[in-house]
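Asks: Handing you this structure, nothing more for now.
Values in this text are rule-based calculations from the coordinates and carry no lab data. These numbers come from a predicted model, not from an experiment. Neighbour counts are summed over all protein chains in view; Cβ atoms, including those assigned to glycine, are modelled from backbone coordinates with ideal geometry.
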Amino acid sequence: MANTSAAKKAFRSSIKKEEINKARKNRIRTFIRKVEDAIKAGKEQDARTAFKSLEPEIMRGVTKNILKLNTAARKLQRLGAAIRKLKAAS
């Protein structure tokens, strides 16, 4: 346990920040799930609209240090490729 008052405060603030980061990460996962569900259902238009709402959420996660930039780019690229593949199939 922390000994100094500054360390105690840092511990309290880290717990608050952890809760905020968990909520942000969960929100990003939810947006990703919406895109994946639309792709699995074969609904290209729904997948595109969900993807457009996903992009700013993921990039916001990058600026808040929830995700690394390369991880975010990889997720977006793979989901975008899946949507393009869905369009080509139809």
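Asks: Can you give the helix-only mean residue ellipticity at 222 nm for the chain, where every DSSP H stretch with n ≥ 4 adds -39500 (n - 2.57) and the sum goes over all residues, rounded to the nearest 500 deg cm²/dmol?
Replies: Details: 3 runs with 78 residues, N = 90.
Helix contribution divided over all residues of the chain: -31000 deg cm²/dmol.
Asks: If you count, for each residue, the other Cβ atoms within 10 Å and average over each peptide, how do 20-29, 41-50, 3-12 line up from highest to lowest? Mind showing how you got there, number by number?
Replies: Details: 20-29: 13.1, 41-50: 15.3, 3-12: 10.0.
Result, highest mean Cβ count within 10 Å first: 41-50, 20-29, 3-12.
Asks: Over what distance in Å are the Cα centres of region 38-90 and region 1-22 separated?
Replies: Between the Cα centres of region 38-90 and region 1-22 lies a distance of 34 Å.
Asks: Right, another one. Taking the Cα-to-Cβ direction at residue 30 and at residue 4 and moving 7 Å from each Cα, how far apart do the two end points lie in nm?
Replies: It is 4.0 nm.
Asks: Which option, (1) 0.93; (2) 1.20; (3) 1.12, is the value of Rg/Rh (Cα atoms, Kirkwood Rh) that was calculated from these coordinates?
Replies: (2)
Asks: Follow-up. Give the relative contact order (percent, whole number) for the chain; include only Cα pairs under 8 Å separated by 6+ residues.
Replies: Numbers: 52 pairs, mean separation 23.8, N = 90.
The normalised contact order for the chain reaches 26 percent.
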